[in-house]
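Below is one structure; the comments refer to it alone.
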Amino acid sequence: MNDFRYKLARFFSGRTGVDALGRTFTWLALILMFLTMITHSNIVYLLAMACLIYSLWRMLSKNYQKRYMENAKFLEKTAGIRSVLSVLPFKIKTFINKTKADYNQRKVYAIFKCPSCKQKLRAPKGRGKIQVTCSKCHAVFIKKV
Ligand SMILES: [Zn+2]
């Protein structure tokens, strides 16, 4: 058993192992395999296999220096995308909250634009015809709410 462990450790020593680039290709392979199940496309399947083999090959590669450089380059090139992806959940949440708030406002308030300066205005709904004074240009007009 110890011998096996030793052999295993020896096998993996000096190899690249899992890095960000390898992990990305593993995920790509999984996504493509999932797509294969939906599309039954041979091309997608081959791409999935290629990604999987590439990520395995990277993991086992003994040219650590070269793989390290590839990974660094990959991280550098995807820095923009990765920072966008990291704030995306927060942006989506903000957008949903804003939409919800807007929707709730629209239930209670009538939202319209001032006919002379296009300023967005609001008034409580269900009062019939009201006289509105624009908060920006002070134009007075009649609005049905
Ligand atoms: Zn106005």
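Confirm whether VAL84 is part of a helix (DSSP H, G or I) and not assigned by TED's automatic domain parsing to the domain that holds THR16.
On the way: part of a helix (DSSP H, G or I): yes; not assigned by TED's automatic domain parsing to the domain that holds THR16: yes.
When the stated conditions are applied, VAL84 passes them.
Tell me, yes or no, whether segment 112-124 has at least one residue that is free of Cβ contacts under 8 Å to residues at least 60 places away in the same chain, more than 26 Å from the chain's Cα centre (by Cα) and away from the ligand (no atom under 16 Å from the Cβ). Step through it out loud before you land on a result.
Step one: list which residues in segment 112-124 are free of Cβ contacts under 8 Å to residues at least 60 places away in the same chain, which gives 112-124.
Then keep just the ones that are more than 26 Å from the chain's Cα centre (by Cα); that gives 112-124.
Retained after the next criterion (residues that are away from the ligand (no atom under 16 Å from the Cβ)): 124.
Yes, there is a match, as at least one residue in segment 112-124 is free of Cβ contacts under 8 Å to residues at least 60 places away in the same chain, more than 26 Å from the chain's Cα centre (by Cα) and away from the ligand (no atom under 16 Å from the Cβ).
Residues that are farther than 27 Å from GLU76 by Cα and surrounded by 15 or more Cβ atoms within 10 Å (Cβ to Cβ): does segment 41-48 have at least one?
If we filter segment 41-48 for residues that are farther than 27 Å from GLU76 by Cα, which is where we start, we get 41-46.
This time we only want the ones that are surrounded by 15 or more Cβ atoms within 10 Å (Cβ to Cβ), so: 44-45.
Checked segment 41-48: at least one residue is farther than 27 Å from GLU76 by Cα and surrounded by 15 or more Cβ atoms within 10 Å (Cβ to Cβ).
Looking only at segment 1-28, which residues are surrounded by 10 or more Cβ atoms within 10 Å (Cβ to Cβ), aliphatic (A, V, I, L, M) and in a loop (DSSP other than H, G, I, E, B)?
Result: VAL18, single match.
The values are calculated or read from the model by the stated rules, or taken from the named source; none is laboratory data. This one's a predicted model, so the numbers in the text were calculated from it and none came from an experiment. Because the Cβ atoms are built from the backbone with ideal geometry, glycine has one as well, and the counts that use them run over all protein chains shown.
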